[in-house]
Structure formats: C-alpha cells, structure tokens
Amino acid sequence: YQSGLHVPLAIVAPGLIRGGSRQSQPVSLVDVLPTLLDLLAVPTPPDLDGVSLLPGLEGVVSGADALPPGAPVFSEYGEEEIATIWQERWKLVHNPDEVKPICLPGASAELYPISRVELYDLDLDPGESTNLADRQPEVVGDLLEQLLEWRRTLGGTAAKQELDDELREELEALGYVV
C-alpha cells in the first residue's frame, strides 16, 4: 500500500516557503485544495473537506511540521469502501465489505487480496508483509475508531462521472481505469 500512498508533494511559493524545504510529516490529498486556496488568499468554502497546510509550511524555517506530530493521514481506494489510516508507525487498512479489487489491468482479483482489517508496523515492516491485526487489537481499535469518525465527518462522496471513450482509453493505457 505504501507505494501508492507515500508519494511526494511539492509546493512552490516564493516568499512564503523557503526553497528546498522538506517536511517529514505525511499529509492528505484532501488538504491540497485548502492549501492552494490559502496561498492564493481565496476564502475557503465552509463545507470544504481538509485543512490548509500553509501555517505549517510557513513554519518550515523554524522546523514546524505542516500537521501536528502524530496527526493521522487518511485515504480511500476508488469507489470501494476500502480506507486507510496512517499514524506514526502504524497503518491500518479497512475493507469492511471484503472487496477483492483488481489493482492491475487484466490481473486476477486474487493477486492482491485485502483482508477485512490489516495492520502494519511501518517501522519494522516497511514492505507491509506481516498483518499484525490479530496481535495488536488495541491499536486496531484505536485506529479503526479514528478512521470511522473521519469517514463520518466527510461531506459525502462525489458523484460518479461518466468518461467519454477517448478519455477512458487514455486512462486505461495509463493503468488508472480497468
């Protein structure tokens, strides 16, 4: 999962963010739009999910992180109910419907099976090969509670968009649509 979730984010804002600065704290994609609106001094709609990362990014000079240390990062997988929380050393994957997604075009649904609940210690197991959910029930309970609360606070899901044939073919060629 880490290869699809742990991706770089680059923001260039001369005069606001010192060039070459790096943040160690993971952030969520949902925070990018509020951050860009903040950079452009555009008011953020009150019903917009996410928070601006700008206060922490401005604090890069003093070493502050964009989010408080230990703040969880959440993600969702496509149209499925699969969701993830990553907090410090732990990552929990929640697949309540035990969906078997097809992660690669043409691949079997059994290629990357996802259990109902998976827990990984990223410090000891960065390759996410050992599911610790059964051995760490307290951690699972805490992370699952946070994940479910996050899902309750979302403003809803976006409407499914229909793709024209040309765009669908382009996205399929890139591996984004199966």
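The values are calculated or read from the model by the stated rules, or taken from the named source; none is laboratory data. Keep in mind it's a predicted model, so treat the numbers as computed, not measured. Ideal geometry is used to build each Cβ from the backbone, glycine not excepted, and the neighbour counts take in all protein chains shown. What goes into the accessible areas is simple: the full protein's heavy atoms, side chains included, and nothing from ligands, DNA or RNA. Shrake-Rupley method; radii C 1.70, N 1.55, O 1.52, S 1.80 Å.
For the reader, a short list of remarks on this structure follows.
- Scoring 116-129, 10-23 by mean Cβ neighbours within 10 Å over their residues and listing the highest first yields 116-129, 10-23.
- Contour minus Cα-Cα distance for THR153 and LEU167 (0.36 nm per residue): 1.8 nm
- Rounded to the nearest angstrom and listed largest first, the equivalent-ellipsoid semi-axes of segment 6-53 from its Cα gyration tensor are 20, 15, 7.
- Per residue value of the accessible surface for segment 9-52 (all protein chains in place, 1.4 Å probe), Å²: 70
- Full-extension gain in nm, THR130 to TYR176, via 0.36 nm per residue minus C-alpha separation: 13.8 nm
- LEU33-GLU81 FRET efficiency (beta carbon distance; Förster radius 22 Å; 0.05 resolution): 0.40
- Per-peptide packing, taken as the mean over residues of other Cβ atoms within 10 Å, places 145-152, 24-31 in the sequence 24-31, 145-152 from highest down.
- Net lengthening on full extension, GLU88/SER115 (0.36 nm per residue, minus Cα-Cα): 7.6 nm
- THR84, THR44, ranked by accessible area, largest first (probe 1.4 Å): THR44, THR84
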